[in-house]
Structures are given as structure tokens and as C-alpha cells.
Amino acid sequence: MFPAAVPEIPAASVDKAAAYYVNTLGFTFDWGDEQGAIAGISRGNCRLFITNHPFRRSYGNTGPILFWLNLESKAEVDELFEEWNTAHAKIVSEPEDKPWKLREFLAADLDGNFIRVFYDFRSDV
């Protein structure tokens, strides 16, 4: 059994990206800074690493990226959308039930990385 994956979010500035995730998206700052080139943030069981170009240079991984947040209900998707919208997050699309049986919305961060928030309602009665 694997633990939850921890996405690495590419950013021009670790400090500015972390501030957006904390102040706008409601994450907690856990550790790190621009000088160290990496920071860890979290919200509940979700952990993310934010890295700047010097950290990623030797690996060749660049952005932007897209990562998915799997919530527990349609109501949670709608509630998080309202929270982020009220906080003036960069909303790309509003919550919608998709033909592939996911309720989802799309948001972006300061560096153009995308966050797809969803709930899989295929098994709902």
C-alpha cells in the first residue's frame, strides 16, 4: 500500500507561491523558504512541495503542472469553490457535473499551475 503522493509544484518564487497557497487557498506553511529552494505546505491530509528553478534545474522538470484534489462529496467541492472564490483565488472554471461522472472545478496558482478539485460520483445512488 502506498502513502499519498506529494506533488512538487514549480514556482518562480517559493516564498510568493507559498504565501498564495496559505493566504488564498487556506494551506498551512510547514517549512522551507526561497533560500533553500523548497517549501512544504499542507491542508488536512494533502501535502505539497513548492520548488523554485534552482531546485528543479538538475532534474529538468518544469511547469506548469496540473494536480487533482479528490474530495469526499459534491457538497465539499462546492464549499471549497465558494471558499476559494471568496478569497479571490484564480478560478478557471466553476463546479460542474461532467459526463465522466466527476463534479469538478479548476483553479490556478500564481505560476499557472492548475488545481482540479473533484468528487467521483459514479457510485452515488
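The residues of the range 13-46 that are touching a residue at least 60 places away in the same chain (Cβ under 8 Å) and within 12 Å of the chain's Cα centre (by Cα), listed by number, are ALA17, TYR20, TYR21, THR24, LEU25, GLY26. The set of residues in the range 68-89 being closer than 16 Å to TYR21 by Cα and surrounded by 16 or more Cβ atoms within 10 Å (Cβ to Cβ) consists of LEU69, LEU80, PHE81, TRP84, ALA89. On the basis of being under 14 Å from the mean Cα position of the chain (by Cα) and of a type in the set (S, T, N, Q), does ASN85 make the cut? No.
Taken over the range 20-46, the criterion of being surrounded by fewer than 17 Cβ atoms within 10 Å (Cβ to Cβ), touching an Asp or Glu at 6+ places or on another chain (Cβ under 8 Å) and part of a strand (DSSP E or B) is satisfied by ASP33, GLY40, SER42. Looking across ILE9, ILE91, one residue alone is under 18 Å from ARG116 (Cα atoms), out of contact with any Asp or Glu (no Cβ under 8 Å at 6 or more places or on another chain), part of a strand (DSSP E or B) and not aromatic (Phe, Trp, Tyr). It is ILE91.
No lab work stands behind these numbers, since they all come straight from the coordinates. Worth saying up front: this structure is predicted, and the values here are computed from it rather than measured. Note that we place each Cβ from the backbone using ideal geometry, even for glycine, and neighbour counts take in every protein chain shown.
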